Structure formats: structure tokens, C-alpha cells
Amino acid sequence: MSWLEALILGIIQGLTEYLPVSSSGHLTIGSTLFGIEGEENLAFTIVVHVATVFSTLVILWKEIAWIFKGLFQFQMNAETRYAFNILVSMIPIGIVGVFFKDTVEAIFGSGLLIVGCMLLLTAALLAFSYYAKPRQKEHISVRDAFIIGLSQACAVMPGLSRSGTTIATGLLLGNNKAKMAQFSFLMVIPPILGEALLDVVKMVKGENIAGDIPMLSLIIGFLAAFISGCVACKWMINIVKKGKLIYFAIYCAIAGLITIACTFLK
């Protein structure tokens, strides 16, 4: 992987992690175009995902500080309930990560056809959440947090947008738009950092998960994903507040159809 390829893929990851168009799907498409496969692709994906977690920490630092400030009061308050909801939302993705990790990684290498199909599903979810008008709730409940967590677990499929799926699910459940966007971005931090920690353990044990990627490419990819992620995170929160997800539904539908068509035109 050259530094230019890492730069392009890093920008793609940073933008699409928060915009509801599937970062995994776009990374798969980009990696296929550049001919990047196997361990090299997996290692780079992990690095840029960690970069976007750091961008979340930067943009939403006030919300994160609010949560920790409440937790250290050691009492049941709004902050504690919010943190508990995030913990509940992690249960489904934790089960997938522990028991179905190999299956998921095999799916990620199954080609562009599944990416195209999942982009169409993302488009359908976004469109449905745009036109549906459920009764609005002020707070995200424990039940809603678990259901949103289930949607996040389903979104490990390449092409099925994690942010799009979780935000659309939350909106269909009647949750506040701005609060749902923040919750969607915060709930992904622990799973990605946990995955990164497991990979650090592998490296300590001597396993080569980075393949032949030059260190310069990893650094450039990380920085590109971090900077573009900061921009996209702030932008996406404003987009959700204004309820303009339908435009991304149209984009995902077009991208999905083109991707499927390309698989049959080879």
C-alpha cells in the first residue's frame, strides 16, 4: 500500500464513518480498486477505525466529560443512566465479536456483491426513518439502547452503514434527532477500542497483523481518517438535527446499484 492509497482510503474512512453511507463498504470498494486484500486490508481497516474513534473523542469531548463527571458522583443520575445505556448497547456487538469474529472477517472478504446489497438496505432504512413519524421521546430508554445495539451488531456487514443503521433505528423508535446522533457516535467507542486492544495483544505475542504495510502508510492513513473524521462527525450531527437523511438514502441506493452492476460486468 502506497502513501497516496493510504491517504485516499483514510479520507474515505473518516468521512464515511459518520456519514450514513457505510465506511466498511466504501473501504472495501476502495481496497478492491487498489488491489489491497487479506491481512493488509484488515490491519489498515483497524488503524483508520481507531483514528475515527479519536476524532469522536475530540468532537464530543464535552459530552464524554459530562458522563464521567456524573459517574464519579457514584449515584444514579442522568449521566449514570446514559453510561448504562451505552453499556447495554454494547452487548450485541460484544457477542458478535467474541463468538462470530471469524465469520464476520470471512464475510468482509466475500466481494462487492454483498456490499452493493447492503448499501441498498442502508438506503431503505434511511428512507424509512425519514418518512416515518413516530411519537417523540425525550430520553433513550434501556430497551431502545439494546435494540439500537442489535442494529449496530447487524451493521458489521460491509455496506450496511453503522451510523445510518443505528441512527435510523433510534429515530424509528422515536428518539430525539440530535441526542440519537451523539449516542450513535459514543456507543461505538468501546467496541472499537476493545478490538484495537486485542490486536495490540496479538502484536505483543508476535503475530504479524499488519502484513507488508509500510509504517508511513499507516501513519498517513491514521491522520487522514482522524482529520476527515473530525469534520464529518460535526457535520453529521447538524445533518441529523435538520432531518436530511433522505439525500444519503438516494446516494446509497445509487452506489449500491452501481456496485452490483459492476460485479456482473466483470
Checklist entry - Hey, in the GNM for the chain with a 10 angstrom Cα cutoff, which one of 26, 49, 139 fluctuates hardest? => result 139
Item to check | For the chain, size of Cβ-based charge dipole, Lys and Arg +1, Asp and Glu -1, in debye | outcome: 1300
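Using Cα pairs under 8 angstrom and six or more residues apart, how large is the relative contact order of the stretch 3-243, in percent?
On the way: 344 pairs, mean separation 99.4, N = 241.
Relative CO of the stretch 3-243 lands at 41 percent.
Plugging the Kirkwood radius over Cα pairs into Stokes-Einstein for the chain, at a temperature of 25 °C and a viscosity of 0.890 mPa s, what D comes out in µm²/s? List each step's numbers first, then the result.
On the way: Rh = 18.7 Å.
The Stokes-Einstein estimate is 131 µm²/s.
Among 133, 244, what is the fewest-to-most ranking by other Cβ atoms within 10 Å? Walk me through the intermediate numbers first.
Working: 133 8, 244 11.
Exposure proxy ranking, most exposed first: 133, 244.
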Checklist outcome for this item: GNM of the chain, Cα pairs under 10 angstrom: of 185, 44, 74, the biggest fluctuation goes to 74
Checklist entry - Just going by the charge dipole of the chain, with Lys and Arg at +1 and Asp and Glu at -1 on Cβ, which of 85, 222, 46 is farthest out on the positive end? => result 85
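Select from the stretch 50-153 those GluC sites (Glu not before Pro) which occupy a DSSP coil region and have at most 11 other Cβ atoms within 10 Å, ordered by residue number. Walk me through the intermediate numbers first.
Details: sites: 63, 79, 105, 138; in loops: 138.
Passing both the DSSP loop test and the Cβ count: 138.
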Item to check | trypsin sites (Lys or Arg not before Pro) restricted to the stretch 76-177 and DSSP loop, no more than 16 other C-beta within 10 Å | outcome: 135
Next on the checklist: Positive end of the dipole of the chain, charges at C-beta (+1 Lys, Arg; -1 Asp, Glu), about the Cα centre: which of 255, 68, 30 has its Cα farthest in that direction?
Outcome noted: 68
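Okay, helix-only estimate at 222 nm for the chain: each DSSP H run of n ≥ 4 adds -39500 (n - 2.57), divide by all residues, round to 500 deg cm²/dmol; what do you get? Write out the running numbers ahead of the final one.
Numbers: 13 runs with 208 residues, N = 266.
Taking each H run of at least 4 residues, the total per residue is -26000 deg cm²/dmol.
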Checklist entry - With N residues in the stretch 123-181, what two-decimal value do you get for its Cα radius of gyration over 2.2 N^0.38 Å? => result 1.04
Checklist outcome for this item: Final fewest-first order of 252, 262, 154 on the 10 Å Cβ neighbour count is 262, 154, 252
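Values quoted throughout were computed directly from the atomic coordinates according to the rules given, and no laboratory measurement underlies them. Quantities reported herein were computed from a predicted structural model and do not represent experimental measurements. Note that we place each Cβ from the backbone using ideal geometry, even for glycine, and neighbour counts take in every protein chain shown.
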